[in-house]
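Report on the following structure.
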There are 2 protein chains.
Amino acid sequence: MYSEGPIRQYLDDAASGGPTPGGGSVSALVGALGSTMACMSANFTIGKKKYRDVEEECKQILARCEANYKKLLELTDADTKAYSHVSKAYAMTKDTPEEKAARTEAIQKALRIAMDVPLQAFRACAAVINDLDRLADIANKNLISDVGVAALHAFAGLRGCKLNVEINLAYIKDEEFANKHQEEIDAAENRAKRIADAVIGKVYAAIKKN
Amino acid sequence: MYSEGPIRQYLDDAASGGPTPGGGSVSALVGALGSTMACMSANFTIGKKKYRDVEEECKQILARCEANYKKLLELTDADTKAYSHVSKAYAMTKDTPEEKAARTEAIQKALRIAMDVPLQAFRACAAVINDLDRLADIANKNLISDVGVAALHAFAGLRGCKLNVEINLAYIKDEEFANKHQEEIDAAENRAKRIADAVIGKVYAAIKKN
């Protein structure tokens, strides 16, 4: 489990010529890092007299973003396993028509499993970005740059996860299934981009006021 | 040293109500994660017969991106220390005019130290993005989505580091110093954005061809 191991080890393995951790795992981790910055901003708002009016709302955002970074960390680990299904399926023999058909079916099945991990991570990143919209308005002003950092990394995580969904979708032969998922992630990316851009705009407006 | 500790611990501490690791540290780490994906793509290209013509070039890119992720990991640790200078300076007494002047001077000095860490990380992210421009053209086509992931995270890291330079710059009273640095990072961000967008464009063009 990479999540319990040292950061340096994860980076060294990611950089190496081994297959894992790859882009899906790394993107889930980047999303998790973004989510922690949302939590930190909420934590520095909760319990402050000046922000008492928004305390309850901050607690709800904190609970969701905590769940999301933990989920994203799980997916950081899970992605390294999902990948092995695909490579095992590709390694199946294809000498007879029966073997060929079984291999194709196994590949198609493995692709859906491999796609599911970055898709879950994509959705968790989108959920974090949703919460940042409000957090940028109510969080402790001293932490405003961290809300911006949260938006940058949650959105980069989302786009990285999307790319990893899409490389699997490109090989999935069920067009209806592929199109349905492509539409979902395109729409969610557009929505997330609008929110992330608005959050970063608010952050810069707050910094310039100093 | 966070780099030698478990990933989960880093995330838990980042999310907590403690001051470190904050947005600067997290952004350096995101940049490091981007850089590892450049290394992985280079590693899967080196030694392959099909890519023999670009092997030497890939080795040079790999060496630079390896140095950059190691540098960014160092800065992930360093940022958590730089911050403490600023909070110590702000905590100085200011009862007499002499104390006030000494405090102001200490704050101004600490801000420059605190700014230097994300500035170095910003430059390392920019260097990674520079290398991705060529890597997107020559890397093993099976790894093309990872080159895209590298671009996304190196650029998110760069923007996060920039934000952390800027929050320090906003309090630095030496306008010439502040303007000089603002111009440098604005120009470098624009350049990096052009490259990162072009890389991601190439990645999507390659995926759609499947």
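Please state which one of B:Ser27, B:Ser3, B:Ser41, B:Ser35 is over 21 Å from B:Asn130 (Cα atoms) and either at pLDDT 95 or above or out of contact with any Ser or Thr (no Cβ under 8 Å at 6 or more places or on another chain) (or both).
Numbers: B:Ser27 fails: over 21 Å from B:Asn130 (Cα atoms); B:Ser41 fails: over 21 Å from B:Asn130 (Cα atoms); B:Ser35 fails: over 21 Å from B:Asn130 (Cα atoms).
Answer to the selection: B:Ser3.
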Confirm whether A:Val149 is surrounded by 15 or more Cβ atoms within 10 Å (Cβ to Cβ) and at pLDDT 95 or above. yes
For A:Leu152, the lone unmet condition from (1) within 13 Å of chain B (Cβ to nearest Cβ); (2) out of contact with any Lys or Arg (no Cβ under 7 Å at 6 or more places or on another chain); (3) closer than 24 Å to B:Ala38 by Cα is (2)
Take region A:25-38 and flag every residue that is within 8 Å of chain B (Cβ to nearest Cβ), among the small types (Gly, Ala, Ser) and under 17 Å from A:Ala78 (Cα atoms). A:Ser27, A:Ala32
Only one of (1) at pLDDT 95 or above; (2) surrounded by fewer than 22 Cβ atoms within 10 Å (Cβ to Cβ); (3) within 14 Å of another protein chain (Cβ to nearest Cβ) fails for A:Asp137. Which number is that? (3)
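Against the definition (of a type in the set (Val, Ile, Thr) and out of contact with any His (no Cβ under 7 Å at 6 or more places or on another chain)), how does A:Ile167 come out, yes or no? Quick ask: steps written out before the conclusion?
Working: of a type in the set (Val, Ile, Thr): yes; out of contact with any His (no Cβ under 7 Å at 6 or more places or on another chain): yes.
Yes, satisfied.
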Between residues in region B:181-201 that are within 29 Å of B:Lys141 (Cβ to Cβ) and residues that are surrounded by 13 or more Cβ atoms within 10 Å (Cβ to Cβ) and among the small types (Gly, Ala, Ser), which pairs lie under 7 Å by C-beta distance while being six or more apart or on different chains? B:Ala192/B:Ala126; B:Ala196/B:Ala151; B:Val199/B:Ala136; B:Val199/B:Gly148; B:Val199/B:Ala151; B:Ile200/B:Gly148; B:Ile200/B:Ala151
All conditions in (1) facing chain A (nearest Cβ under 10 Å); (2) among the polar types (S, T, N, Q); (3) over 14 Å from B:Leu119 (Cβ atoms) are true of B:Asn164 except (3)
Given the conditions (1) among the small types (Gly, Ala, Ser); (2) in contact with a Phe, Trp or Tyr (Cβ under 7 Å, 6 or more places away or on another chain); (3) surrounded by fewer than 19 Cβ atoms within 10 Å (Cβ to Cβ), and given that A:Ala114 satisfies all but one, which numbered condition is not satisfied? (3)
Within region B:42-59, restricting attention to residues that are surrounded by 15 or more Cβ atoms within 10 Å (Cβ to Cβ) and within 14 Å of A:Gly18 (Cβ to Cβ), which residue is nearest to the other protein chains (Cβ to nearest Cβ)? B:Asn43
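So which helices (runs of 4 or more DSSP H) stay within region B:6-99 end to end and still have 3 or more residues that are of a type in the set (Ser, Thr, Tyr)? I'd like the intermediate steps shown before the answer.
Values: elements: B:7-15, B:23-43, B:55-90.
Filter on region B:6-99 gives B:23-43, B:55-90.
Can you find even one residue in region B:15-22 that is closer than 18 Å to B:Leu73 by Cβ and facing chain A (nearest Cβ under 8 Å)?
As a first pass, look at region B:15-22 and keep what is closer than 18 Å to B:Leu73 by Cβ: B:20-22.
Filter once more, so that each one left must be facing chain A (nearest Cβ under 8 Å): B:22.
Yes, region B:15-22 has at least one match.
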Which pairs turn up if I take residues in region B:43-57 that are over 17 Å from A:Asp13 (Cα atoms) and look for partners that are of a type outside the set (S, T, N, Q) and not in a helix (DSSP H, G or I) with beta carbon separation below 6 Å, at least 6 apart in sequence or on another chain? B:Glu55/B:Ile46
Return the only residue of A:Asp137, A:Asp116 being in a helix (DSSP H, G or I) and more than 18 Å from A:Lys81 (Cα to Cα). A:Asp137
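The values are calculated or read from the model by the stated rules, or taken from the named source; none is laboratory data. Here the structure is a predicted model, which is why all the values come from computation and not from measurement. With ideal geometry, Cβ positions are generated from the backbone for all residues, glycine too; neighbour counts draw on all protein chains shown.
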